[in-house]
Amino acid sequence: MPYALVGTRLLMSTTFPRRRERQNRIPWLLDRLEREPRADKVIDALRTGVRSLPLGRGRDALHGRWLGHPVHPVAVQVPVGSWFSAAVLDLCPGRSREAGLLIGVGLVSAAPAALTGATDWAELRQEQQRVGLVHAVSNTVAFGLYAASLAYRAKGRTAAGRTLGFLGLTAVGVGGMLGGHLAYRQAAGANHAEEVPHVVREGWHRVGAVADLPAGRPVRRSVDDVPVLVVRGTGGTVHALADRCSHLAGPLSEGTVADGCVECPWHGSVFRLSDGWNVRGPATAPQPAFDTRVVEGHVEVRLRRGDHTEPADDGAGTDRRTNGTGVDTTHGLGS
Ligand code: FES
């Protein structure tokens, strides 16, 4: 190394000593929480309890299948907004009565928000459920503090009511931070098939010989490094969907095919093979679907873009043959 360069480096290292990056404690603590197994037995019991609630089709409504994404982040706006507004009013002289009213609104609206969160939580991965449990505990503590705040205000002990309200807001803040970690760091509630249209190139892609596809059995193929589920029906029709489930990226090619649909092996979401529509949750987003054709004995697939068919109904097995452009999208062996 030239002496001049060595000299420059020495000068820089003495003049500008390299700053030692300190690790932020919050992400470190949250990552530890994900790996903390001590509450797993409680989590198992709670998950079983939530899954056994007799919610019927209401369960999908709570997940947000009708909305296309989870309802929970929307539902929490009312209690969090009410409680935050109550804190602002508590800082204004003579507004404690209005603050109490908002605390009451928050308490009433917290129940449906908690129910949407619990149904989503029961279908998450273990690491997500660990964080979700602490998120729920923080919010339950907040609920208790606000209930006590309201009780004190009713007795005329406004100062104590205010103090409890501020403590409640602190607990809600901790719960919100954990909810953010769940949603953004751990991708709970996100659409895990969202990147497919951005990764798969336009046009037709060959995915293998028809003769290699066992009738009625799901097979995994790949297009531009994106796993694709390919199913050849007993009638010769070939269907293809993105393989990673939109809920939490479960492998649909390891799922069960029945009545024109595939059921995810992880949490039981059901997708219609003909167009990827999510017939049953917890998945709230449909699965990217491919047009298919057979050329010289080989199956070719082409991603359908932005033209999801209208859901006819939620009956499993509805077989749609067009993609909204009038183009035949499924081809039998002889096509
Ligand atoms: S990964 Fe959860 S239903 Fe598919």
How many residues does region 60-79 contain that are surrounded by 22 or more Cβ atoms within 10 Å (Cβ to Cβ) and on the phi < 0 side of the Ramachandran plot?
8
Report yes if residue 205 is within 11 Å of the ligand (Cβ to nearest atom) and at pLDDT 95 or above, otherwise no.
no
Listed residues 175, 216; which is assigned by TED's automatic domain parsing to the domain that holds residue 129 and either under 30 Å from residue 125 (Cα atoms) or at pLDDT below 95 (or both)?
175
Which one is farthest from the ligand (Cβ to nearest atom) among residues in region 240-297 that are of a type in the set (A, V, I, L, M), in a loop (DSSP other than H, G, I, E, B) and within 21 Å of residue 198 (Cβ to Cβ)?
285
Which residue out of 88, 74, 78 is without any contact (Cβ under 8 Å) to a residue 12 or more places away in the chain and under 26 Å from residue 56 (Cβ atoms)?
74
Tally of residues being touching a Leu at 6+ places or on another chain (Cβ under 9 Å) and more than 16 Å from the ligand (Cβ to nearest atom) across region 182-200
3
One residue from 171, 160, 148, 187 being assigned to a helix (DSSP H, G or I) and surrounded by fewer than 16 Cβ atoms within 10 Å (Cβ to Cβ)
160
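The values are calculated or read from the model by the stated rules, or taken from the named source; none is laboratory data. Note that this is a predicted model, so its numbers are computed, not measured. Note that each Cβ is placed from the backbone with ideal geometry, even for glycine, and that neighbours are counted across all protein chains shown.
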